[in-house]
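Report on the following structure.
The values are calculated or read from the model by the stated rules, or taken from the named source; none is laboratory data. What you see is a predicted model, and the numbers here were worked out from it, not measured in a lab. For neighbour counting, all protein chains shown are included, and Cβ atoms are generated from backbone atoms with ideal geometry for every residue, glycine included.
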Amino acid sequence: MKLEGIHHITAITGDAPGNVDFYAGVLGLRLVKKSVNQDDPTVYHLFYGDDEGSPGNDITFFEYPGARRGRPGAGMIHRIVWRVASEDAVTFWEQRLAAEGVETEREGTSLLFADPEGLGHELAVVETDDAPLTAEHPEIPAEMALQGFHAVRAYTASPEQSRRFLEETLEFTPTGETVWEARGDDRGGFYVYDETSERGVPGAGTIHHVAWASPMDEHEAWRKRVAESGASPTPIIDRYYFRSIYFREPSGVLFEIATIGPGFTADEPLEHLGERLSLPPDYEQLRDRLEQVLTPLPDPRAAALKDA
């Protein structure tokens, strides 16, 4: 069995409207699902991605209004690395982000920056046979658009403590001293460690977990394998749009293995993804109450398309 790279990455925001403005308005991703945290349905769960809502370009956020800014440390992911097609794309983003008041740092063919709450991002020119996963935005030419996840970088006090688990249990392939690749038949993604002994503080602008993609018919086998390693996975949880198990790898980073499918069109047609509050069937009876307490959200992507 092989995992098909990164399925999604989930982070925390204290400001859902500002989050939508940045990820849909500035980065040009599509808001593909406006739902709730199924463990705390009074909290938004926002999903951004490509036009199809595909695994591999799906960044999600829990909103805790007014949450204090956190700080990544050992046992936490601190940077998301996105693929772009060319150095021209890096230049485009350097200029676009500067126009939005976002500070950037160019390192060769990569561009580093943070979102308004301090979440670290990197755009990297990547040569790959993986299909690009892009979203249409009138201000962003298709050849400049973000193409999906390339990697996540995590902090650990000791990379070696996780090596056996990553390589033997999850079958990640080492490609460097502290770099591993999860590659299946269709996609791949990288997991990278940077060393620190500093403790992190969860909060706004920090990453909650990373999910790796599994074909539906291998999901139960993955849970069994993780359990046999001693990592104590949760039972399989039906999230309606996919099924999930959660566990911590030996360095403390929270991992999820999520299924490829059923997908975000389970309750909305593709052309209308993200336009209304989507609630899994078990939560539908809460709609009237939730719509009164959840923060009203802008739709900068729809506004931009209308003005185009």
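Residue check: Pro296 meets all listed conditions (1) crowded, with 16+ Cβ neighbours inside 10 Å; (2) touching a residue at least 60 places away in the same chain (Cβ under 8 Å) but one, namely (1). Among the residues making up segment 238-266, those that are in contact (Cβ under 8 Å) with a residue 12 or more places away in the chain and assigned to a strand (DSSP E or B) are Arg243, Ser244, Ile245, Tyr246, Phe247, Arg248, Leu254, Phe255, Glu256, Ile257, Ala258, Thr259.
One residue alone among Thr134, Thr60, Thr109, Thr128 is over 20 Å from the mean Cα position of the chain (by Cα) and among the hydroxyl-bearing types (Ser, Thr, Tyr), and that residue is Thr109. Within the set Ser162, Ser214, the sole residue that is at pLDDT 95 or above, under 17 Å from the mean Cα position of the chain (by Cα) and of a type in the set (S, T, N, Q) turns out to be Ser214.
Take the residues in segment 122-141 that are in contact with a Ser or Thr (Cβ under 6 Å, 6 or more places away or on another chain) and surrounded by fewer than 21 Cβ atoms within 10 Å (Cβ to Cβ); name whichever of them is nearest to Gly200 (Cα to Cα). So, considering only residues that are in contact with a Ser or Thr (Cβ under 6 Å, 6 or more places away or on another chain) and surrounded by fewer than 21 Cβ atoms within 10 Å (Cβ to Cβ), the one nearest to Gly200 (Cα to Cα) is Glu122. The listed residues are Tyr23, Tyr44, and the only one of them that is at pLDDT below 95, touching a Leu at 6+ places or on another chain (Cβ under 7 Å) and among the aromatic types (Phe, Trp, Tyr) turns out to be Tyr44. Would you mind stating whether Ala98 is surrounded by fewer than 22 Cβ atoms within 10 Å (Cβ to Cβ) and without any contact (Cβ under 8 Å) to a residue 40 or more places away in the chain? Yes.
Based on what the data block shows, is Ile9 buried (at least 24 other Cβ atoms within 10 Å of the Cβ), β-branched (Val, Ile, Thr) and either modelled with pLDDT of 95 or more or on the phi > 0 side of the Ramachandran plot (or both)? So Ile9 does not fit the description; no. The condition (being crowded, with 20+ Cβ neighbours inside 10 Å and either charged (D, E, K, R) or over 30 Å from Gly66 (Cα atoms) (or both)) is satisfied by just one residue among Glu220, Glu256, Glu195: Glu256. Determine whether segment 213-229 contains at least one residue that is in contact (Cβ under 8 Å) with a residue 40 or more places away in the chain and in a strand (DSSP E or B). Yes, that holds for at least one residue.
Here is the figure for segment 34-91: residues that are in a helix (DSSP H, G or I) and touching a Lys or Arg at 6+ places or on another chain (Cβ under 6 Å) total 0.
This table checks each residue for (1) more than 15 Å from the chain's Cα centre (by Cα); (2) small (Gly, Ala, Ser); (3) surrounded by 22 or more Cβ atoms within 10 Å (Cβ to Cβ).
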{"site": "Leu3", "(1), (2), (3)": "yes, no, yes"}
{"site": "Tyr48", "(1), (2), (3)": "no, no, yes"}
{"site": "Pro55", "(1), (2), (3)": "no, no, yes"}
{"site": "Met76", "(1), (2), (3)": "no, no, yes"}
{"site": "Asp88", "(1), (2), (3)": "yes, no, no"}
{"site": "Gly120", "(1), (2), (3)": "no, yes, no"}
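Free of Cβ contacts under 8 Å to residues at least 12 places away in the same chain and outside any loop (DSSP other than H, G, I, E, B): is that true of Glu105 in this structure? Spelling it out, Glu105 is indeed free of Cβ contacts under 8 Å to residues at least 12 places away in the same chain and outside any loop (DSSP other than H, G, I, E, B).
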